[in-house]
Amino acid sequence: MDTEIYISSGILELYCAGALSEAEMREVERMASQFAAVKKEIQAIELALWSFNEHIFAGPHDQLKTELIAGIKLNSSNTIIEKTHEAALNNAVEPEVNTVETPIVLPAAKEIIPEQTIQSTGSKKKKISIGIFLVIILPIILAFGAFGLWNNWDALLQELTAAKKLAANAEKSRAQIDSNLKATSQTLDTLRNPDLIKITLSGMKFSPAAKAVIYWNKNTNQILLDPVLIPLEDKDHCYQLWAMNKGETLSLGTFSATNKNKQMLPMKAVDKASVFIISLEPKNGSAIPNIAQLCLMSKE
Amino acid sequence: MNIQTQQAVSDTELIYLLKIKDVTALPLLYDAYAKSIYNLIYQIVSDENETEKILEFTFFHCWNSFYLFDANKGFLFTWLSLNARNTALQHKKGKTKELSLRPIVTLANASNKTVLAQLNTNHRQLLELFYYSGFSLMEIAEQQQLAYATIKTDFRAALLALRNLK
């Protein structure tokens, strides 16, 4: 092969400037590893671009070096990728059972008025006594009885209202359990898919205890995020999931850690990623991740 | 002559240290390339804070994804600068993308004006549009109503002119 013609075609300049496709770049690298002249030419172009950028501005301030290196050391990855999905079954969402069954006991009706037996006598005295009893005592007894009945009626009404409330709550809880059960069944169906890859994300220095799991369907590229243990964010921030691949960083969407039912979160699909990271970003997300607030990361 | 002759440490040594994740690689990598990469990013985003964040991320990404770098075939500065450029352009993305032959503000403000004056206007504009604004050569050809081959030739000439700057 005539390397002079290859070099003068301009493809090496396009390579250094990043103007070639992935396949073309690999081809140039293959040529460079084969022909010393090609490699030397690429190094000369690199020098030109490096030198141009090196001298055009003053560069970063002196402290940045220390800060940047310290930041990278703090955020060194220490996590694992597990390519099995079986363990994920253990993370299946448990339905929340919010209710405690309380037996509802309605009070038995009380006997309020004792049976009265009026005995007849032949004497007038007795007739007067009975008359007095009927006129004075009986109304008093009846009044007490009526008052007792009224009191009891009010209590019964209150208990009926409470019973209705309990029944409504029980119905609400049952609907919640149904909903959780449905979500759990869907999650289990998803997790049983053999195309699924489980990727564990572990906490970085910013939030060392944090844990999350990504389930990545390599067939459909769908991503499900299980925020197993992520600290709650404040109202001005949100979490953002990123996929990194060969120099490109793609946002897979933002989410909140206030996920009460611990449901899996569907994120944006991605076909290629070498590393997944989660960072804390201002509300509505950022264009690039802020590594000073890097929370979780998968091991590449 | 190549970049390595300008550096205290060779790319081969740096690549080895990065591959084995030896943290002593970090200050060496920084000394060798941070200034050039910083200036490259700054020309794209024109903001010091954003430039620092992107530089930080580029080095972080390099450290964590270095297993992707093919030590037998890859070129360290090219790999690093393309990563930085992609991140910076991605950051700039949502902002207005004006495809026009506008004055090259960032280059005109550069400290090394005498060197830059040696580039002709077409070359400077072409480099600006492609390298710092993120347009593909095909997009520039369409905008300027020129053949793609012509733009490609001009682009190579611009980079050659860069190489010859003193």
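Every read-out reported here was derived from the displayed coordinates using simple, explicitly stated rules and does not represent laboratory data. The structure presented is a predicted model; accordingly, all values stated were derived computationally and were not measured. Ideal geometry is used to build each Cβ from the backbone, glycine not excepted, and the neighbour counts take in all protein chains shown.
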field: Which listed pairs, of A:Lys246/B:Lys152; A:Lys182/A:Lys272; B:Lys53/B:Lys93; A:Lys268/B:Lys21; A:Lys172/A:Lys211, have C-alpha distances above 21 Å, in listed order
entry: A:Lys246/B:Lys152; A:Lys182/A:Lys272; A:Lys268/B:Lys21; A:Lys172/A:Lys211
task: Over all alpha-carbon pairs in region A:3-59, figure out the percentage whose distance exceeds 14 Å.
output: 55
message: With the alpha-carbon atoms as the only input, what is the per residue convex hull volume for region B:3-92 in Å³?
response: 89
- prompt: Taking the Cα-to-Cβ direction at A:His61 and at A:Phe35 and moving 7 Å from each Cα, how far apart do the two end points lie in nm?
  reply: 4.8
message: Can you tell me, using C-alpha contacts under 8 Å and at least 6 residues apart, the relative contact order of region A:173-300 as a whole percent?
response: 25
query: Rounded to the nearest 0.05, what FRET efficiency is calculated for A:Lys268 and B:Gln145 with R0 set to 35 Å and r the Cβ-Cβ distance?
result: 0.40
statement: Here the convex hull volume per residue of region A:136-178, taken over Cα atoms and given in Å³, is 30
message: Please give me the summed charge of the neighbours of A:Asp271: other residues whose Cβ is under 14 Å from its Cβ, Lys and Arg +1, Asp and Glu -1.
response: +1
- request: Could you list B:Trp79, A:Trp153 in order of exposure, starting from the residue whose Cβ has the fewest other Cβ atoms within 10 Å?
  value: A:Trp153, B:Trp79
- request: Mind checking which aspartates and glutamates have their Cα closer than 15 Å to the Cα of A:Lys205? Skip sequence neighbours fewer than 8 apart in that chain.
  value: A:Glu67
query: Expressed as a whole number of Å, what is the distance separating the alpha-carbon centroids of region B:58-72 and region A:206-280?
result: 22
field: Exposure proxy order (Cβ contacts within 10 Å, fewest to most) of A:Tyr215, B:Tyr38
entry: A:Tyr215, B:Tyr38
message: Once the convex hull of the alpha carbons of region A:165-300 is built, what does its volume come to per residue, in cubic angstrom?
response: 122
Largest-first principal axis extents of the Cα set of region A:234-300 (Å): 34, 25, 19
